[in-house]
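The values are calculated or read from the model by the stated rules, or taken from the named source; none is laboratory data. Please read all numbers here as calculations on a predicted model, not as lab measurements. A quick note on method: Cβ atoms are made from the backbone with ideal geometry, for glycine too, and the neighbour counts reach across all protein chains shown. The protein model used for the area step is the full one, side chains on, heavy atoms only, and it has no ligands, DNA or RNA in it. Shrake-Rupley method; radii C 1.70, N 1.55, O 1.52, S 1.80 Å.
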Amino acid sequence: MAKKKEIIDFRNKDITYTLEGIKYKVLFLNKANMNVELSCYEKEKVTYNKTLPFAHLPKAIKSLVKPNN
């Protein structure tokens, strides 16, 4: 039986939110350890990537990034 894909790619979707003047875009969800890879934008330019636990995302974003699918 085939193993389920453990990483979900959200790069082609525009799932973004702004917190404290920094814009975050969701890139990947790692289902094995429930971490989310984010790209951080300051002044419309990518400054760095950040790994964040799924539980720390805003509630509106969690509803778009469903780990059970």
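The trypsin sites (Lys or Arg not before Pro) found in the chain that occupy coil by DSSP, while having at most 10 further C-beta atoms within 10 Å, are LYS3, LYS4, LYS5, LYS43. Heavy atoms of the protein chains alone define the surface here; on that basis the chain has 75 Å² accessible area per residue at 1.4 Å probe size. Only aspartates and glutamates eight or more places from LYS43 in sequence, or on another chain, were considered; those with a Cα closer than 17 Å are GLU20.
Label-to-label distance, GLU42 versus LYS59, with points set 7 angstrom from Cα along the beta-carbon direction: 3.0 nm. Solvent-accessible surface (1.4 Å probe) assigned to TYR41 amounts to roughly 60 Å².
Please identify every one of the GluC sites (Glu not before Pro) in segment 1-60 that sits in a loop by DSSP and has no more than 14 other beta carbons within 10 Å of its own beta carbon. Walk me through the numbers before you get to the answer.
Working: sites: GLU6, GLU20, GLU37, GLU42, GLU44; in loops: GLU6, GLU20, GLU44.
Sparse-neighbourhood loop GluC sites (Glu not before Pro): GLU6, GLU20, GLU44.
Taking the helices alone, the chain has a mean residue ellipticity at 222 nm of -2000 deg cm²/dmol, built from -39,500 (n - 2.57) per DSSP H run of at least 4 residues and averaged over all its residues. Taking the inverse of the mean reciprocal distance over all distinct Cα pairs, the Kirkwood hydrodynamic radius of the chain comes to 12.6 Å. For segment 6-69, carbon and sulfur atoms together expose 51% of the accessible surface, with a 1.4 angstrom probe and every protein chain in place.
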